[in-house]
Amino acid sequence: MPAKVLKPSLIAKEYRAEVRREVAELSSGRGPLRILGLLGQESGPAATYAHYAQRGCEAVGIRLDIQHIGPDAGEAAVERAIAYANVDQEIDGIFLYYPLTDPAGDRWLRELVDPRKDVEGLHSFWSRLLYENQRYVDQRKQKRAILPCTPLAILKILHHAGMPSGGANAPLEGVTACVINRSDLVGRPLAAMLANDGARVYSLDLTGTVVFEPAIGRRTHDVRDSTVDRATALSMADAVISAVPSADFERIRGDEIRAGAICVNVAEHANFDDSVLDRASVFVPRVGPLTIAMATRNLTRLLRLNQDR
């Protein structure tokens with residue numbers, strides 16, 4: 001039976017309705033909520049993403065202003081823009097569209113964003129809570145921590161795709177996942193989130209494989225070196241998530257994956273061969289619309305957290 005092709009826009013629609021209600025309440029008496037997006041490219045994937053993000057924000061009543069910072073402006077120009085946005089009371093959230101400089105420079109820029117305005121959820125303040133499996137920012141466990149929007153979108157997709165559930169305390173106990181990409185933006189936080197929910201995750205990149213052991217019987221997941229190769233990881237995985245940003249990546253074939261696996265393509269390039277449609281149970285060709293929905297949801301949650309300070 002051919003795989004069901006799951007469109008993230010349909011899932012995003014559900015969350016947009018929730019966010020739209022929150023935005024209406026939060027903006028009452030003060031005007032529209034506003035995000036500043038910093039973009040270093042006039043064209044390409046980042047520019048396309050920023051364009052769709054504007055549309056997604058408009059759909060829920062949020063204003064997203066894109067500020068173009070040319071490649072010749074330098075890192076200092078981006079730093080100044082972030083510094084101004086951090087203190088501008090009319091800016092509620094900040095979104096960085098990578099690349100703005102180089103990988104090391106972009107990591108530094110993420111740390112300059114005020115975590116109270118970090119709609120991406122990538123600042124180390126939020127990352128520390130994620131990797132330590134601390135899901136709340138208060139001792140009474142009433143204020144949820146912010147999660148990175150793309151990995152969060154993927155988790156929502158897996159849930160809607162019918163990922164097996166093991167129980168309330170470890171909802172993904174017994175699940176094996178393969179994540180191809182270990183970037184700080186997608187692969188590493190996603191693997192941690194899956195493992196914190198009880199899954200065993202094989203994380204592959206150019207340097208090899210590590211395994212994120214599930215956080216069952218301990219506070220958080222554990223990361224260990226692994227000798228498991230691509231073929232073995234794919235053959236064991238209930239879910240395969242690939243986010244390799246290269247057209248040269250050897251696409252994942254249907255004969256490599258486990259029958260009935262859920263396959264999610266995150267990269268702008270196709271990471272899966274068409275043959276997976278004959279073996280997977282669900283195939284998700286992209287996640288962008290739901291990522292944008294999760295970013296807008298993060299904004300409303302940040303504002304709620306800031307109200308309670």
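The values are calculated or read from the model by the stated rules, or taken from the named source; none is laboratory data. Note that this is a predicted model, so its numbers are computed, not measured. Cβ coordinates were reconstructed from backbone atoms using ideal geometry, including for glycine residues, and neighbour counts include every protein chain displayed.
Can you name the residue in region 173-206 that is hydroxyl-bearing (Ser, Thr, Tyr) and closer than 29 Å to Phe95 by Cβ and is also modelled with the highest pLDDT among such residues?
Among those that are hydroxyl-bearing (Ser, Thr, Tyr) and closer than 29 Å to Phe95 by Cβ, it is Ser203.
Report, by residue number, each residue of region 270-280 that is free of Cβ contacts under 8 Å to residues at least 60 places away in the same chain and in a loop (DSSP other than H, G, I, E, B).
Ala270, Asp273, listed by residue number.
Considering each of Arg218, Arg188 in turn, give the residue that is touching a residue at least 12 places away in the same chain (Cβ under 8 Å) and of a type in the set (D, E, K, R).
Going through Arg218, Arg188 in turn, just one is touching a residue at least 12 places away in the same chain (Cβ under 8 Å) and of a type in the set (D, E, K, R): Arg188.
Only one of Ala259, Ala243 is in the same structural domain as Asn169 (by TED's automatic domain parsing) and surrounded by fewer than 15 Cβ atoms within 10 Å (Cβ to Cβ); which?
The match here is Ala259.
Can you tell me which residue is surrounded by the fewest Cβ atoms within 10 Å (Cβ to Cβ) among those in region 11-38 that are of a type in the set (Gly, Ala, Ser) and under 30 Å from Pro285 (Cα atoms)?
Ala17
Would you confirm, using the coordinates I've provided, whether Ser27 is in contact with a strand residue (DSSP E or B) (Cβ under 9 Å, 6 or more places away or on another chain) and of a type in the set (Ser, Thr, Tyr)?
yes
Being within 14 Å of Cys178 (Cβ to Cβ) and either crowded, with 16+ Cβ neighbours inside 10 Å or modelled with pLDDT of 95 or more (or both) is the requirement here; does Asp222 meet it?
no
Return yes or no: is Ala77 at pLDDT below 95, farther than 19 Å from Leu185 by Cβ, of a type outside the set (Val, Ile, Thr) and not in a helix (DSSP H, G or I)?
Answer is no for this residue.
Limited to region 238-269, what total is found for residues that are free of Cβ contacts under 8 Å to residues at least 40 places away in the same chain, touching a helix residue (DSSP H, G or I) at 6+ places or on another chain (Cβ under 6 Å) and not in a loop (DSSP other than H, G, I, E, B)?
Residues that pass the stated criteria total 2.
Please find, within region 270-307, the residue that is surrounded by the most Cβ atoms within 10 Å (Cβ to Cβ) out of those that are of a type in the set (Val, Ile, Thr) and either modelled with pLDDT under 95 or in contact with a helix residue (DSSP H, G or I) (Cβ under 8 Å, 6 or more places away or on another chain) (or both).
Among those that are of a type in the set (Val, Ile, Thr) and either modelled with pLDDT under 95 or in contact with a helix residue (DSSP H, G or I) (Cβ under 8 Å, 6 or more places away or on another chain) (or both), it is Thr296.
Return yes or no: is Leu277 touching a strand residue (DSSP E or B) at 6+ places or on another chain (Cβ under 9 Å) and over 26 Å from Val240 (Cβ atoms)?
No, not satisfied.
Here are Pro8, Pro2, Pro45: which of them is closer than 30 Å to Asp278 by Cβ and either modelled with pLDDT of 95 or more or crowded, with 19+ Cβ neighbours inside 10 Å (or both)?
Pro8
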